[in-house]
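Every read-out reported here was derived from the displayed coordinates using simple, explicitly stated rules and does not represent laboratory data. Just so you know, these numbers come straight off a predicted model, no measurement behind them. FYI the Cβ positions are ideal-geometry reconstructions off the backbone, even for glycines, and counts take in every protein chain you see.
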Amino acid sequence: RKEVEQDPGPFNVPEGATVAFNCTYSNSASQSFFWYRQDCRKEPKLLMSVYSSGNEDGRFTAQLNRASQYISLLIRDSKLSDSATYLCVVNPQTGANNLFFGTGTRLTVIP
Amino acid sequence: ETGVTQSPTHLIKTRGQQVTLRCSSQSGHNTVSWYQQALGQGPQFIFQYYREEENGRGNFPPRFSGLQFPNYSSELNVNALELDDSALYLCASSLANGALPTGYTFGSGTRLTVV
C-alpha cells in the first residue's frame, strides 16, 4: 500500500470555480502534512501546511481528519494561475526530514 | 532563486553508464535529501545526508549512492544506469532538527534521460 494516495485527476475547471482535492495516508503515526504545488518542469514548492486543526490561506483551505487519515485542499474562486499539479505530502514521523509525496493531481483552470 | 542549486540541469546517458549529480545546499542548511520523480509521479525519497553520512534511505538499490562534503554540498551517484532511471532528480536542503517544512528547500532538479 502506498504511503500517500491522491485523486488522480486531472481536474479541468472554469475560472471562478471551487475545486477540492483529497488525499489519504497509511501511517497513523504521521505527524505533519503539507500541500505542495508543482508547475510543469519545475520543482515542488510549499503551498501550505496542514496541522491538527487545518489551515486557511486566502482562497486556499486545507483540512485534516486524523481519524480517517484524510487530507483535503479546497481552492475557491479559481484563477488561471492556479493551473498546476498539487502534491499531497506527509512527514512520517516527528523529527524526520524525509517526506512522502502523493502522485499529484493535475489542475487546469480554463478561461 | 531557491538557494539550492543543482547541476547539470539536463543529462543524457546510455544504459549501463554511471552518472554523478551535484547539489549545493542553501546557506545555513546542513542536511541534503535526494528524491527521484518519474514522469507523472510524485517525488520518491532516495536518501538523506547529514554530517557527511547517510541518514535514512528509501527503497532504492545500492547502485544509488551519495556523498556529502564538509561544506554540506552533496552528490548522487547512480551506477549501471537502467532505462527506468530516467527521471527528474531533486535535491532538497534543510536544517537538521529544524522546523518543517519552511526549512525544506528544493533545487530545480536534474533531468536525466537514459537511452
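Look at the alpha carbon pairs under 8 Å that are at least 6 residues apart: their mean separation over the length of chain A gives a relative contact order of 38 percent. Placing a pseudo-label 7 Å from each Cα along the Cα-to-Cβ vector at residue B:67 and residue A:42 gives an inter-label distance of 3.3 nm. Between the C-alpha center of the stretch B:42-102 and that of the stretch A:18-97 there is a gap of 23 Å.
Counting 0.36 nm for each residue step from residue A:59 to residue A:5 and taking away their Cα separation leaves a gain of 17.1 nm. Eigenvalues of the alpha-carbon gyration tensor of the protein assembly as shown, scaled by 5 and square-rooted, set the equivalent ellipsoid semi-axes at 29, 20, 16 angstrom, largest first. Protection proxy ranking of B:30-38, A:50-58, A:27-35, by the mean of other Cβ atoms within 10 Å over each peptide's residues and highest first, is B:30-38, A:27-35, A:50-58. Mean sequence separation of contacting Cα pairs (under 8 Å, at least six apart), scaled by the length of chain B, corresponds to a relative contact order of 37 percent. Please state the shape class of the stretch A:60-111: rounded when a/c is under 1.5, otherwise prolate if a/b exceeds b/c and oblate if not, all from the C-alpha gyration tensor. Note, shape of the stretch A:60-111 comes out prolate. Which stretch or stretches of the stretch B:32-75 have amide N atoms under 18 Å from the point lying 7 Å from residue B:83's Cα along the Cα→Cβ direction? Only B:38-40 pass the distance filter.
Taking the empirical scaling 2.2 N^0.38 Å for compact globular proteins as reference, chain A has a Cα radius of gyration ratio of 1.02. Model label points for residue B:11 and residue A:15, set 7 angstrom from Cα along the Cα-to-Cβ axis, are 4.2 nm apart. The tail of the calculated P(r) for the stretch B:1-88 beyond 20 Å holds 33 percent of all Cα-Cα pairs. All other residues with a Cβ under 12 Å from the Cβ of residue B:104 taken together, and with Lys, Arg as +1 and Asp, Glu as -1, what is their net charge? So the environment of residue B:104 carries a net charge of 0.
Placing +1 on the Cβ of every Lys and Arg and -1 on the Cβ of every Asp and Glu, with no other charges, gives chain B a dipole of roughly 140 debye about its Cα centre. Remark on the protein assembly as shown: A:40 stand apart, with no other cysteine beta carbon under 4.7 Å.
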